[in-house]
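The values are calculated or read from the model by the stated rules, or taken from the named source; none is laboratory data. Worth saying up front: this structure is predicted, and the values here are computed from it rather than measured. All Cβ positions, glycine included, derive from the backbone under ideal geometry; neighbour counts span all protein chains shown. Just the protein is used for accessible areas: all its heavy atoms, side chains included, with ligands, DNA and RNA removed. Shrake-Rupley method; radii C 1.70, N 1.55, O 1.52, S 1.80 Å.
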Amino acid sequence: MVDVRIILSALWAARMLSSLQGDVMRLMQPGMLDEMITGTTEVPITNAMLLIMSLIMAVPIFMSFLSLTLKDKANRWANLIVGIFFVVWELVFLIFFYIQAPAYEIFWGIAYLVFAALVVWYAWKWPKQEA
Amino acid sequence: MNTTKKTTELEDVKINLKIKLSALWVAVMFLYVYADIKAFFRPGIIEGLMAGKAGDFQITQGFLLVSAIIMTIPSVMVFLSLSLKAKANRWANIILGIAYTGIILGTLLMGGAWAYYIFYGTVEIVLTGLIAWYAWKWPKQEA
């Protein structure tokens, strides 16, 4: 059995890699580049929006490192809290955005959700040992 | 008089095969993403995308979904290489290692690739080849 901390770190890395690839693929979607050039994207692209997205997307990157370095108790709670945040986040995106989006977006959205849910699951079932 | 000289050496631990396989999938996935981003810098690519074409391919829902599936599997393998039991783990890595080596080899053999892609493609082939190789030589233990 691989140490739970390594699995959690890998789950955050997998989550980040898939969303990075998903974001690149979105640029290939017909019409997307035209909308970006003309500034007519569904969600307006502003300074504040880009900052918020950058901050939120930095979290899984740090979690991939923190999952290996934080002490067990803090580690578990960090993964539970951040994991649950991302489960909710992905659900909101799936329900309100991806559902009307092309199939590939739904597919990616489900992948992100599964990774976040697995983080919560593994953190919840963190192995116990005698004190 | 005997003087025992204390020598120290840097701590070194053996990294489990599952962790190596997971890390190889991380590395190869980074290369896939970067190769795709680099493509946007090639003259004509963005114009092509805006006209609904990715190279020789027409960009359709089906094309994007299949690409999404092909690119999700390596991400999932980052996790599955750690969590699957040895037997299933080994076969998944052998089969997918060979499959992805084949896919990238195919894109290179289509011809017309720019030098940067030949570079990325070659490194990707080495990494997925290593995945299949490591999995093939999975260490044995007595049952």
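When peptides B:15-28, B:124-137 are ranked by their average number of other Cβ atoms within 10 Å per residue, the highest-first order is B:15-28, B:124-137.
If you roll a 1.4 angstrom probe over the protein chains with everything in place, what fraction of the accessible area of chain B belongs to carbon and sulfur, to the nearest %?
Accessible surface attributable to carbon and sulfur in chain B totals 67 percent.
Ordering B:Ala27, A:Val87, A:Leu17 by Cα displacement along the dipole of the protein assembly as shown toward the positive end leaves B:Ala27 in first place; charges were set at the Cβ atoms of Lys, Arg (+1) and Asp, Glu (-1). In chain B, taking the dipole from charged Cβ atoms about the Cα centre, the farthest positive-side position among B:Gly106, B:Val123, B:Val66 is held by B:Val123.
Over chain B, average the accessible area per residue using a 1.4 Å probe and give it in Å², no decimals. Before the final figure, lay out the partial values.
Working: 9190 Å² over 143 residues.
That works out to 64 Å² for each residue.
Solvent-accessible area per residue in the range A:1-126 equals 53 Å², computed with a 1.4 angstrom probe and all protein chains kept. Going through the cross-link list B:Lys14/B:Lys137; B:Lys20/B:Lys85; B:Lys14/B:Lys140; A:Lys73/B:Lys6; B:Lys38/B:Lys87, which pairs have a Cα-Cα distance over 26 Å in this structure? With Cα atoms farther than 26 Å apart: A:Lys73/B:Lys6; B:Lys38/B:Lys87.
Note on chain A: with a GNM built from Cα contacts shorter than 10 Å, the maximum mean-square fluctuation among A:Leu91, A:Leu70, A:Leu55 falls on A:Leu55.
Projecting the Cα atoms of A:Ser54, A:Ala117, A:Ser67 onto the charge dipole of the protein assembly as shown (Cβ charges, centred on the Cα centre) puts A:Ser67 farthest toward the positive pole. Inter-chain Cβ neighbour count for A:4-14, averaged per residue, equals 5 (cutoff 10 Å, partner chain atoms only).
As a rough guide to protection, the peptides B:107-119, A:42-54 ranked by mean Cβ packing within 10 Å, highest first, stand as B:107-119, A:42-54.
Give the carbon-plus-sulfur fraction of the accessible surface of chain A in %, rounded to a whole number; probe 1.4 Å, heavy atoms of protein chains only. Show your work: numbers first, answer last.
Numbers: 5420 of 7420 Å².
Here it works out to 73 percent.
Which of the three applies to the range A:1-61, rounded, prolate or oblate, going by the alpha-carbon gyration tensor with a ≥ b ≥ c and a/c under 1.5 meaning rounded? Since a/c reaches 1.5 but b/c is at least a/b, the shape of the range A:1-61 is classed as oblate. Restricting the range A:62-131 to GluC sites (Glu not before Pro) that sit in a DSSP loop and have at most 11 other Cβ atoms within 10 Å of their own Cβ leaves A:Glu130.
Between A:Asp72 and B:Ile118, the FRET efficiency from the beta-carbon distance, with R0 = 51 Å, is close to 0.65.
With 5 Å bins beginning at zero, the pair-distance distribution over Cα atoms of the protein assembly as shown amounts to 1, 5, 11, 14, 16, 15, 13, 10, 6, 4, 2, 1, 1, 0, 0, 0, 0, 0 %. Contact residues in the range B:75-105 by the 30 Å² criterion (accessible area, 1.4 Å probe, full protein complex versus chain alone): B:Ser75, B:Val78, B:Phe79, B:Leu82. Between the Cα long axis of helix B:17-39 and the first principal axis of chain B there is an angle of about 30°, rounded to the nearest 10.
Using a Förster radius of 41 Å, what is the FRET efficiency between B:Thr7 and B:Lys140 based on their Cβ-Cβ separation? Nearest 0.05, please. It comes out at approximately 0.75. Placing dummy labels 7 Å off each Cα toward the beta-carbon, the span from A:Leu91 to A:Ala131 is 3.3 nm. Summing both sides, how much accessible area is buried between A and B? Use a 1.4 Å probe and give Å² to the nearest 100. By this definition, chains A and B bury close to 2600 Å².
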